[in-house]
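Shown next, in structure tokens, is the structure this report addresses.
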Amino acid sequence: MESTATNQHVILVTGASRGIGEYLARHYLTQDYRVVGCSRGPSPCESENYRHYRVDVTDEQGVKAMFAEIGRDYGRLDVLINNAGVASMNHLLLTPLKVARNILETNFIGTFLLCREAARLMKRHRFGRIVNFATVATPLKLEGEAVYAASKAAVISFTQIAARELADFGITVNAVGPTPIQTALIKSVPPEKIARLVERQAIRRMGEFRDVANVVDFFIRPESDFVTGQVIFLGGV
Amino acid sequence: MSSQERITQAIYRAVDELNKTFPKGVHLEKSPDAPLYGQASKLESIDLVNFIMEAEEQLNDEFGTSITVTEERALSQQNSPFRTLGTFTDYVSGLLKEHGINGD
């Protein structure tokens with residue numbers, strides 16, 4: 001493949017085919033980033049500055065192959081947005097093991113794997129910004145989301161320790177914790193549950209994609225090089 | 001140049017890269033006996049991480065492979081392959097052999 005080594009900053013968004021991931025991919029395409037997206041399915045994004053990989057974030061070989069191509073073709077990775085995630089609203093007594101494993105694999109192992117491979121590429125230039133995805137379900141101890149919230153609690157711990165381990169390489173690691181946003185992730189959650197959750201926020205409204213983008217923008221800007229290991233929950237949670 | 005020599009040279013290039021990060025007068029010797037960790041080693045843990053990542057990259061560039069040096073078995077071996085440059089070289093030679101690159 002022809003090398004496209006670039007001076008443009010390169011940003012990788014996981015779970016980029018829909019919801020917040022698609023929004024963020026389009027958001028950064030308008031800001032002169034070269035955007036790489038990945039998801040299990042195809043992407044609706046079409047732009048000469050966009051490249052999509054169909055890869056599962058828990059598939060080590062697939063993820064490594066994607067990073068090898070990013071390294072070879074662009075020679076750099078500046079930002080990783082670890083958005084890919086799954087949820088399943090269920091009482092723990094009714095949660096099948098397979099579902100629990102899938103949530104942990106995608107939300108935590110996927111985050112770990114992408115961080116590890118991204119940091120290897122970022123350390124070449126001694127610069128990197130990693131943004132992981134937490135959730136307000138963790139601090140709010142949301143019933144019905146025990147496994148999901150626990151998987152994101154793992155992401156928070158991981159983010160805080162990864163921030164320390166990667167600081168010497170010029171890489172920051174932070175997390176954003178969205179409130180409910182109208183996406184496929186919460187499509188099976190009863191509206192009254194969502195309403196009760198929103199009531200527990202300081203600012204009582206549903207989150208919007210732009211709220212997430214605002215926090216991610218802050219974390220990844222060059223001036224945020226003294227900000228790492230932080231988790232910002234939306235809505236005043 | 002034999003594969004074994006290419007492996008050694010790739011690892012020594014990683015040592016050169018690591019040495020660039022050290023203050024003047026401090027360096028890791030390019031010798032099989034040079035300790036990578038333990039009391040006799042001059043390396044901090046972050047130096048060892050940097051060295052392993054750099055060596056992995058140099059080896060994969062040299063041989064067109066995508067080996068991962070820090071496989072589970074490397075971390076679980078009773079005698080760690082990361083003790084000295086020599087044990088490290090022996091370990092990656094074995095890994096590369098599994099990828100069809102014979103260092104003998």
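Couple of notes before you dig in:
- Test: A:GLU192 is outside any helix (DSSP H, G or I), out of contact with any Phe, Trp or Tyr (no Cβ under 8 Å at 6 or more places or on another chain), open to solvent by 50 Å² or more (accessible area, probe 1.4 Å) and of a type in the set (Asp, Glu): no
- B:PHE82 out of contact with any Lys or Arg (no Cβ under 8 Å at 6 or more places or on another chain) and either within 14 Å of another protein chain (Cβ to nearest Cβ) or surrounded by 11 or more Cβ atoms within 10 Å (Cβ to Cβ) (or both): yes
- Residue in the stretch B:7-20 that is modelled with pLDDT of 90 or more, farther than 28 Å from A:GLN61 by Cβ, within 14 Å of another protein chain (Cβ to nearest Cβ) and surrounded by 13 or more Cβ atoms within 10 Å (Cβ to Cβ) present: yes
- Sole exception among (1) under 16 Å from B:ASP90 (Cβ atoms); (2) out of contact with any helix residue (DSSP H, G or I) (no Cβ under 6 Å at 6 or more places or on another chain) for B:PRO23, by number: (1)
- Selection status of A:GLN8, touching a residue at least 40 places away in the same chain (Cβ under 8 Å) and either farther than 23 Å from B:ILE67 by Cβ or in contact with a Phe, Trp or Tyr (Cβ under 6 Å, 6 or more places away or on another chain) (or both): yes
- On inspection, A:LYS152 passes the criterion of being of a type in the set (Lys, Arg) and under 15 Å from the mean Cα position of the chain (by Cα).
- In the stretch A:227-237, residue nearest to the chain's Cα centre (by Cα) [restricted to those that are buried (at least 19 other Cβ atoms within 10 Å of the Cβ) and assigned to a helix (DSSP H, G or I)]: A:LEU234
- All positions within the stretch A:115-142 that are more than 14 Å from chain B (Cβ to nearest Cβ), assigned to a loop (DSSP other than H, G, I, E, B) and touching a residue at least 12 places away in the same chain (Cβ under 8 Å): A:PHE127, A:ALA134, A:THR135, A:VAL136, A:ALA137, A:THR138, A:PRO139, A:LEU140, A:LEU142
- Out of A:SER39, A:SER47, one residue alone is away from chain B (no Cβ under 14 Å), within 21 Å of A:ILE109 (Cβ to Cβ) and of a type in the set (Gly, Ala, Ser). It is A:SER39.
- The residue that is nearest to the other protein chains (Cβ to nearest Cβ), among those in the stretch B:88-104 that are assigned to a helix (DSSP H, G or I) and crowded, with 17+ Cβ neighbours inside 10 Å, is B:LEU95.
- Filter result for A:THR172 (among the β-branched types (Val, Ile, Thr) and either over 23 Å from A:LEU77 (Cα atoms) or open to solvent by 40 Å² or more (accessible area, probe 1.4 Å) (or both)): no
- Every residue from the stretch A:200-223 that is farther than 19 Å from A:HIS27 by Cα and assigned to a helix (DSSP H, G or I): A:GLU223
- Residue in the stretch A:119-139 that is out of contact with any Phe, Trp or Tyr (no Cβ under 7 Å at 6 or more places or on another chain), farther than 16 Å from A:LEU80 by Cα and not polar (S, T, N, Q) present: no
- Filter result (surrounded by fewer than 16 Cβ atoms within 10 Å (Cβ to Cβ) and either among the aromatic types (Phe, Trp, Tyr) or in contact with a helix residue (DSSP H, G or I) (Cβ under 7 Å, 6 or more places away or on another chain) (or both)) within the stretch A:213-226: A:SER224, A:PHE226
- Of all residues in the stretch B:1-24, those satisfying the criterion of being assigned to a helix (DSSP H, G or I), free of Cβ contacts under 8 Å to residues at least 24 places away in the same chain and over 26 Å from B:GLY100 (Cβ atoms) are B:ASP16, B:ASN19, B:LYS20.
- Selected residue (criterion: least open to solvent (accessible area, probe 1.4 Å)) from residues of the stretch B:47-71 that are within 12 Å of another protein chain (Cβ to nearest Cβ) and farther than 26 Å from B:SER2 by Cα: B:ASP47
- Some residue of the stretch A:182-200 being within 25 Å of A:MET66 (Cβ to Cβ), under 15 Å from the mean Cα position of the chain (by Cα), of a type outside the set (Gly, Ala, Ser) and modelled with pLDDT under 95: yes
The values are calculated or read from the model by the stated rules, or taken from the named source; none is laboratory data. This is a predicted model, so every value here is computed, not measured. So basically every Cβ, Gly included, is an ideal-geometry build from the backbone, and we count neighbours across all protein chains shown. Only protein heavy atoms, including side chains, enter the accessible area calculation; ligands, DNA and RNA are left aside. Shrake-Rupley method; radii C 1.70, N 1.55, O 1.52, S 1.80 Å.
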